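One structure is given below, encoded as structure tokens.
Rule-based calculations on the coordinates, nothing more; no lab input. No experiment lies behind these values; they were computed from the predicted model shown. All Cβ positions, even for glycine, are placed from backbone atoms using ideal geometry, and neighbour counts span all protein chains on display.
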Amino acid sequence: MEQNRMEIRYDGTPCYDILLEQDFGKLGERLVQLSVKNRKLCIVTDSNVGPLHLERLAQELIPCAAKVVTFTFPAGEARKNLKTVQMLYEFLIQENFDRNDVLVALGGGVVGDLTGYTAATYLRGIRFVQIPTTLLAMVDSSIGGKTGVDFKAYKNMVGAFYMPQFVYMNFTLLGTLPTREYCSGFGEILKHGLIRDAALYSWLVENRDLLLQRDRLAVAEMVYRSLLIKKDIVERDPKERGERALLNFGHTIGHAVEKLKEFRLLHGECVAIGMVAAVQISWRRGMLTETQTKEILSCIQSFQLPISASGLLVEDILLAVSRDKKKDADKIRFILLNGIGNAVIDTNVTEQEMAEACEFIL
Ligand code: GLY
């Protein structure tokens, strides 16, 4: 099986490619396919990633286009909002970007989501390319076409489904990620195994030491296998009408924790805590055995992820959950596990069940 390219299809037809590489060697030839020789490229990045990777990327892009410009904004979830989008619009107007020019998102989830949303809306849509630099962005946020920004207290409240031209992963970039950031990615990867692929989950457990050491081959295989799960789900349900909600496993309570902790915990860490809560509910309902439950918790911990959050109140979590947008009419679509590798959508999780699960994670 070719493991350095994956095609994402939309409505059965090829939509975009994901390239899994150890360097930027193939980036130029992919850009040539977008006919950008006489076009402008704008690299969008943040203050963390820019100093590390911008110069190297610009070297690759300059020979491919008529002009390459850069827009850097301060790193952090607090800047993932319409103000930053507006600043980017202004920059693009000033640089005379038209509909044939291209945005290049270089960064983690915040950069990718914000750049994608700007691309979706500027001049009613211009092309964009994703170059994810974090493990979490590689396995989750750069794939599937969800773009958007936060609005007031609401995460990802304003957005659009908008597909990139291609996603280019250069695994070497993971070398500069701080350990906490790197391990945050395991939150989404374990999620993929737990919801759909027991074999991936077991493989992760078996290869944990290599993965924590960022062994290149092991990381490439992990990302590839994790992407297969996401690909399968988003191809069948690109706009989250049904099955795609499975990808929100751990996110219902995870998002509440993320918000209440004011983004001091990383996204993958909050997903890990949210998964622990969802696993608790699944166990209490008899959908997981005690042994499976304990094993999942110790697995999450062994990937250096938290299984609890201190300093929060159950009632605040419940309030935040009820305000979350992922509601179906008046019902919260909770994702539970009916065994490892088999997630189900449940709209009947009670407040009492959620409260008991929250007690466990606090
Ligand atoms: N991160 C969940 C999704 O892409 O649907």
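Summary of packing: across the peptides 95-104, 273-282, the per-residue average of other C-beta atoms within 10 Å ranks them, highest first, as 273-282, 95-104. Based on the Stokes-Einstein relation at 20 °C and a viscosity of 1.002 mPa s, and on the Kirkwood radius from alpha carbon pairs, segment 248-362 is assigned a translational diffusion coefficient of 155 µm²/s. In the chain, the longest principal axis of the Cα atoms and the axis of helix 351-361 are about 80 degrees apart.
Computed from label points 7 Å out along Cα-Cβ, the spacing between Lys239 and Phe151 is 1.7 nm.
With a Förster radius of 56 Å applied to the C-beta separation of Asp215 and Asn348, the computed FRET efficiency comes to 0.85. A protection proxy built from the mean count of other Cβ atoms within 10 Å ranks the segments 23-29, 164-170, most packed first, as 164-170, 23-29.
With K and R counted +1 and D and E -1, the other residues having a Cβ less than 13 Å from that of Arg39 yield a net charge of +2.
For the chain, the Cβ-based charge dipole about the Cα centre amounts to some 820 debye (Lys, Arg positive; Asp, Glu negative; other atoms uncharged). Within the straight-line cut-off of under 30 Å between alpha carbons, the lysines reachable from Lys83 are Lys40, Lys67, Lys146, Lys152, Lys155, Lys239, Lys259, Lys261, Lys325, Lys326, Lys327, sequence neighbours fewer than 8 places apart in one chain being disregarded. Within the straight-line cut-off of under 18 Å between alpha carbons, the aspartates and glutamates reachable from Lys26 are Glu2, Glu7, Asp17, Glu55, Glu60, sequence neighbours fewer than 8 places apart in one chain being disregarded. Sorted largest first, the spans of the alpha carbon positions of the chain along the three principal axes are 61, 42, 39 Å. Label sites at Arg264 and Arg323, each approximated as a point 7 angstrom past Cα along Cα to Cβ, lie 1.8 nm apart. Short to long, the 5 Å bins of the Cα pair-distance histogram for segment 112-152 hold 6, 25, 28, 23, 13, 5, 0 percent of all pairs. Taking the C-alpha atoms only, the angle from helix 251-260 to the longest principal axis of the chain is near 80 degrees. Available extension along the chain between Leu54 and Glu206 is 51.2 nm, counting 0.36 nm per residue and deducting the alpha carbon span. Over segment 42-108, the hull volume per residue, using the convex hull of the C-alpha atoms, is 83 Å³.
Hey, for a label at Glu359 modelled as a point 7 Å past Cα toward Cβ, could you say which residues of segment 287-327 have their backbone N under 14 Å away? Taking a point 7 Å out along Cα→Cβ of Glu359, the residues of segment 287-327 whose backbone N falls under 14 Å are 314-315.
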